[in-house]
C-alpha cells in the first residue's frame, strides 16, 4: 500500500499477572491519495493482538465516510499537527461500537454545513460502550453534535471519560428549539442507564449559534460534569434532565466547578431559555462551585420554565452550594418541586429580579448565602397544595402529592446587601370553584441573617402571606443602614 499503512510490528509484553498480552501497532502516513477513508478504516479493521494501537503521523487527511471500530481495545493517537477533514455533513465522524477505545490529540474538522437531523454529522459517537477515553481533541465546524453519547439497543454508556477537548466554530442548527450540543449524553428512550461518565475540563465556544454546551438528556447514575468552560450558547450552558420521565432513573448527577458565560439569545430574538445550568427530574443532584455569568439574555420573561442563572426543577434532595451567579436578566436561582434541597454558601449578585425564587416545595435550607444588587425582593416564594391536577401530573410517586408546601424553610446566616424587601412568601388561597382546599405556610425559620443597607424594620422586610398563625419564626436578624 505504498507506505500508506505500515505495520511496525507485533510486540509481546508480560503483565504482572504473568499472562502475556500482545499489541498490534500500526502507523498511518499520508500518501498521494485524495481520500484517506480506506486507509483509516483498514487500520481500524485489524483484528490481531489483544489491543490495537494506531499512530497517525502529522498530515492533513481527508475522510468522506464514517469511520467505525471493529474491535475492543483500540487506541488512536494523533501526532500534533494532524488534521482529519470530514467532507460530508451526514456520513461523518468516528463511530465507536466497542469498549476500551481511546482517541487522543486529533483535530477534527467538519465541512461547515449543518446536519439535517440529530443523529448524524457528529464528530464522535460513543454507542453503548464502556471505558472509553476521548481527550485533548479539537472539534471544529462539526456538522452535528461534537460528541454524542447514545445507548445501543442493549445498553447505555458507562465509565467513559471526555476530557480536555475543545469545541469551536459551531454550525449545527436544525430547529429553533432543538438540543444541538457540543457534548450530548442521551438521548430520549428508556430501559438503559448511562452511569459513571466524566465530562471534564472541556472548552466550548458556542459563537452565539450553538444551543447547548453540555447536555445530559436521558437516564443514568453518578455522572459528573466538572471544570468545563462554556460560553455564548443560546439555550443552556449545561442542561440535565430525565427523558421519558419516570422519576427514578436519573440520580446523583454532579455539576461541579464549571465556568459558564453569556447564555441566551442575541440581537432581536427572545427566548424562554437562557439558563446557565438547568437541572430537572434528577434525584440527589449536586450543583456546586460553578461560576455563572450573564445569563437569561433576551429572556421573553414568560417564566414558562424556571428562568434562573441556575434552575432546579422536580429534583428532590438537590444540593446547590458554593456557586457564583453574577448577572441575570431574570432570577439568580429558581427552584420548583425540589423537596428537601439545600441552597448554601452561594453568592448571587447583579440580577434583575429576585435572588432566589422558590415554588411549591418543603424542607429547604437556605444558609450562608450572599446577595448583592438584587432587583426585587431578595427571596421570593409562591406555594400551592400539591393536590392541584397540574402539579400532581408532574410529581412522580405519592410522597409529595396532596400536601401543603412552603413549610420547613430554614433561612439562616445569610447576608443581604439590599434596600428591598428580604423575603416574601405567598400561598395560594382556597378556591371553591376549583375544589381547591388552599395552602398554609408553616414552620419556617428566618433567623440570624445580616441585612445591610436597609432602613426598614424586621417585620416589614420579611413577610408570610396565608400563614398558619404563630408557626413561623422571624427573629435575631441584624439590620444596618
Output the strands (runs of 3 or more DSSP E) that fall wholly within the range 197-292 and possess 2 or more residues being at pLDDT 95 or above and farther than 29 Å from residue 131 by Cβ, or say none.
229-233, 259-263, 275-280
With the requirement that a residue be over 17 Å from residue 365 (Cα atoms) and surrounded by fewer than 18 Cβ atoms within 10 Å (Cβ to Cβ), what does the range 444-466 give you?
452, 453, 455, 456, 457, 458, 459, 460, 463, 465, 466
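Residue by residue, here is whether (1) farther than 21 Å from residue 241 by Cα; (2) surrounded by fewer than 24 Cβ atoms within 10 Å (Cβ to Cβ); (3) not assigned by TED's automatic domain parsing to the domain that holds residue 246 holds:
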site: 305; (1), (2), (3): no, yes, no
site: 315; (1), (2), (3): no, no, no
site: 321; (1), (2), (3): no, yes, no
site: 329; (1), (2), (3): yes, yes, no
site: 342; (1), (2), (3): no, yes, no
Qualifying position, being farther than 18 Å from residue 311 by Cβ and touching a strand residue (DSSP E or B) at 6+ places or on another chain (Cβ under 7 Å), among 190, 154, 163, 211:
163
Of the residues in the range 402-432, how many are touching a strand residue (DSSP E or B) at 6+ places or on another chain (Cβ under 9 Å) and more than 21 Å from residue 360 (Cα to Cα)?
7
Considering only the range 74-95, how many residues are over 29 Å from the mean Cα position of the chain (by Cα) and at positive phi?
1
From (1) closer than 24 Å to residue 443 by Cα; (2) within 18 Å of the chain's Cα centre (by Cα); (3) free of Cβ contacts under 8 Å to residues at least 60 places away in the same chain; (4) not in a strand (DSSP E or B), pick out the condition that doesn't hold for residue 354.
(2)
Looking at the range 428-458 only, could you name the residues that are under 17 Å from residue 414 (Cα atoms) and either free of Cβ contacts under 8 Å to residues at least 12 places away in the same chain or in a helix (DSSP H, G or I) (or both)?
458
Any residue at all in the range 413-420 that's modelled with pLDDT under 95 and part of a loop (DSSP other than H, G, I, E, B)?
no
Quick one: would you say residue 168 is assigned by TED's automatic domain parsing to the domain that holds residue 241 and either touching a helix residue (DSSP H, G or I) at 6+ places or on another chain (Cβ under 9 Å) or without any contact (Cβ under 8 Å) to a residue 60 or more places away in the chain (or both)?
no
What number of residues in the range 384-402 are assigned to a helix (DSSP H, G or I) and surrounded by fewer than 17 Cβ atoms within 10 Å (Cβ to Cβ)?
3
In the range 202-224, anything over 13 Å from the mean Cα position of the chain (by Cα) and under 30 Å from residue 267 (Cα atoms) is listed as 203, 205, 206, 207, 208, 209, 210
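Could you tell me whether the range 405-414 includes any residue that is within 31 Å of the chain's Cα centre (by Cα), farther than 26 Å from residue 347 by Cβ and either surrounded by fewer than 19 Cβ atoms within 10 Å (Cβ to Cβ) or not assigned by TED's automatic domain parsing to the domain that holds residue 343 (or both)?
yes
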Restricted to the range 188-203 and to residues being crowded, with 17+ Cβ neighbours inside 10 Å and in contact (Cβ under 8 Å) with a residue 40 or more places away in the chain, the residue farthest from residue 221 (Cα to Cα) is 202
With respect to residue 479, is the statement that it is without any contact (Cβ under 8 Å) to a residue 60 or more places away in the chain, assigned to a strand (DSSP E or B) and more than 35 Å from the chain's Cα centre (by Cα) true?
yes
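The values are calculated or read from the model by the stated rules, or taken from the named source; none is laboratory data. Fair warning: this is a prediction, and the values are worked out from it, not measured in the lab. Cβ sites come from the backbone with ideal geometry, for glycine too, and all protein chains shown count toward neighbours.
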